[in-house]
Amino acid sequence: MQHFPIFLSLSGERVVVAGGGAAALAKLRLLMKTEARLVVHAPDPAPEIETWARDARLTLYRRALVAGDVAGARLVYAASEDAAEDARVSAIARAEGALVNIVDNLADSQFLTPAIVDRDPVTIAIGTEGAAPVLARALKAELEARLPVRLGPLARIGKAFRKVAEALPMGRARRDFWQAYYFGTGPRAFDAGGEEGTRDALDALLNAHLARAQRPGSVAFVGAGPGDPELLTLKARRALDAADVVIHDRLISPEILELARREATLIDMGKQGFGPSAAQSDINALLVEHATTGAQVVRLKSGDSTVFGRLDEEIEAVEAAGIAWHIVPGITSASAAVAAIGQSLTRRGRNASVRFLTGHDTRGFADHDWRSLARPGEVAAIYMGKTSARFFQGRLLMHGADPATPVTLVENASRADQRILATTLADLPGALTDAALTGPALTLFGLAPRAAAHLIRHDHDLIQELA
Ligand code: SAH
């Protein structure tokens, strides 16, 4: 970078333009947007310059610039469009300590004037070091088109309001307020009611945000359902819409995270940095930390947060810190899985109870009441059951279960990539190896997909009959 871009304050500073033709006019038009004291030296000035001089917008000397004219000036433009004359002016300027620009002579200039997109107080300067003026012009045109003209007044109104907005606590609360102003309330109010309307809207917005900032923090434990965003509850949507912070698991689909309030901070507790699965104590600490600063925290868990979600540990941590909390139930993956195969979890005359089991607990493969589960007609929804499938099979067969008992695995239930693997207790381990499921899968013990002609299956369903 040969030229370093800066924004120079010209308030009350003297800027001298030597020349009275087209080049001088072009520079003067730009310079008149500033608060500089403009001085023009031109033996033969263009009529516009005469007019501006009469209107006291600049001081005009109808003679060439001479030594002594530039002392104390900040910038000098040599704009006579005559190389020898410009060189003479430039030498004087340098000698008298002003920065000089020779119009259309980059090599001998000390500074250059960029292409400017003016949405005062927002100003964009585009420079190409003289390499590609065409490119600079194209960029300028593109930005001019992209940036609405109201950006200037919006920023000006915002700037005047900065002191008042300091009533909001520094950091997130203030950032959220400005974000809402510039990308929502501001443009809307400006289009509807101009500058006046915008100022009123800004007052109202601040009051709303002050009320928000004074609310105590809280934690909502929200079930995100099995993955399909349409299986979110309205309450879950509303909680996401109001969240300041969303702390979520690895299994939460991106489509659901999309629904979080735009300003919300998303924290993935399944990402690196926290390791493949974050320590429970870290999650607890994070919940408390954010809610303590006043944030509305959504703890987003897959399915229903009350099912194999270590919910109690988090509630206890939040409770111990004296933070308000509540639970928003979600659709558990067992419900989504059984829906995918067109069955119901209970059935008159078959099973009057259904079990939700986990494949493993903190001590390894989980032990259960195998004897009662092995009886005919029993149904169980087994979570985290892929790696423990062989263990389950062994225990159940040992306790007298029928090897022909249907077992169905539903991988990625309710998602576009849902797969259904129908097998039997006898064939379960082999079928699992063959199918090589990689996503989360729910094992439905005692249920086979219904052989129904009218069940509309998901487009991507793949039924593998491996019995
Ligand atoms: N609270 C969750 C369960 C968390 S335990 C719920 O209510 O669903 C994680 C296990 O849930 C996974 O190992 C898998 O067995 C199951 N699971 C979660 N999402 C699933 C999905 N979309 N399809 C199938 N099983 C899923």
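The values are calculated or read from the model by the stated rules, or taken from the named source; none is laboratory data. None of the values given here were measured: they were computed from a predicted structure. Ideal geometry is used to build each Cβ from the backbone, glycine not excepted, and the neighbour counts take in all protein chains shown.
Per the conditions (1) over 18 Å from ALA336 (Cβ atoms); (2) touching a Ser or Thr at 6+ places or on another chain (Cβ under 7 Å); (3) surrounded by fewer than 22 Cβ atoms within 10 Å (Cβ to Cβ), the sole criterion not satisfied by VAL245 is (3). Filtering the stretch 170-218 to residues that are in contact (Cβ under 8 Å) with a residue 60 or more places away in the chain, of a type in the set (Gly, Ala, Ser) and outside any helix (DSSP H, G or I) leaves GLY217, SER218. Does ASP228 fit the bill of being among the acidic types (Asp, Glu) and without any contact (Cβ under 8 Å) to a residue 12 or more places away in the chain? When the stated conditions are applied, ASP228 does not pass them.
Within the stretch 1-60, the set of residues being surrounded by fewer than 14 Cβ atoms within 10 Å (Cβ to Cβ) and among the β-branched types (Val, Ile, Thr) comprises ILE6, THR51.
Considering only helices (runs of 4 or more DSSP H) fully contained in the stretch 60-169, which possess at least 3 residues that are modelled with pLDDT under 95?
Ranges flagged: 133-146, 151-165.
Counting only helices (runs of 4 or more DSSP H) that fall entirely inside the stretch 219-297 and contain at least 3 residues that are under 21 Å from the mean Cα position of the chain (by Cα) and within 26 Å of ASN412 (Cβ to Cβ), the qualifying elements are 234-242, 254-257. Output yes when any residue across the stretch 412-433 is within 12 Å of the ligand (Cβ to nearest atom) and among the acidic types (Asp, Glu), and no when none is. Yes, the stretch 412-433 has at least one match.
The residues of the stretch 163-186 that are farther than 12 Å from HIS209 by Cα and over 24 Å from the mean Cα position of the chain (by Cα), listed by number, are LYS163, VAL164. Taking the criterion of being β-branched (Val, Ile, Thr), surrounded by 18 or more Cβ atoms within 10 Å (Cβ to Cβ) and either modelled with pLDDT under 95 or over 16 Å from VAL407 (Cα atoms) (or both), the residues of the stretch 328-360 that qualify are VAL328, ILE331, THR332. Considering each residue of the stretch 411-442, count those that are β-branched (Val, Ile, Thr), in contact (Cβ under 8 Å) with a residue 40 or more places away in the chain and farther than 14 Å from VAL338 by Cβ, and give that number. Number of matching residues: 2. Only a single item in (1) out of contact with any strand residue (DSSP E or B) (no Cβ under 6 Å at 6 or more places or on another chain); (2) at pLDDT 95 or above is not met by GLU195, and it is number (2).
Out of all the residues in the stretch 403-419, is one or more surrounded by fewer than 17 Cβ atoms within 10 Å (Cβ to Cβ) and modelled with pLDDT of 95 or more? Yes, the stretch 403-419 contains a residue that is surrounded by fewer than 17 Cβ atoms within 10 Å (Cβ to Cβ) and modelled with pLDDT of 95 or more.
Residue-by-condition table, conditions (1) closer than 27 Å to VAL298 by Cβ; (2) in contact (Cβ under 8 Å) with a residue 40 or more places away in the chain; (3) away from the ligand (no atom under 16 Å from the Cβ):
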{"residue": "ALA324", "(1), (2), (3)": "yes, yes, yes"}
{"residue": "SER333", "(1), (2), (3)": "yes, yes, no"}
{"residue": "ARG348", "(1), (2), (3)": "no, no, yes"}
{"residue": "HIS360", "(1), (2), (3)": "no, no, no"}
{"residue": "ASP367", "(1), (2), (3)": "no, no, yes"}
{"residue": "ARG371", "(1), (2), (3)": "no, no, yes"}
{"residue": "ILE382", "(1), (2), (3)": "no, yes, no"}
{"residue": "THR387", "(1), (2), (3)": "no, no, no"}
{"residue": "GLN393", "(1), (2), (3)": "no, no, yes"}
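Within the stretch 358-382, being under 22 Å from ARG450 (Cβ atoms) and under 44 Å from the mean Cα position of the chain (by Cα) holds for VAL379, ALA380, ALA381, ILE382. Would you confirm, using the coordinates I've provided, whether PHE445 is within 16 Å of the ligand (Cβ to nearest atom) and farther than 22 Å from ALA339 by Cβ? Criteria not met by PHE445.
Just one of the listed residues (LEU311, LEU259, LEU234, LEU286) is touching a helix residue (DSSP H, G or I) at 6+ places or on another chain (Cβ under 8 Å) and more than 21 Å from THR438 (Cβ to Cβ), and it is LEU259. Of all residues in the stretch 298-314, those that are assigned to a loop (DSSP other than H, G, I, E, B) and farther than 16 Å from ALA441 by Cα total 3.
Scanning the stretch 286-322 for residues that are more than 9 Å from the ligand (Cβ to nearest atom) and among the polar types (S, T, N, Q) yields THR292, THR293, GLN296.
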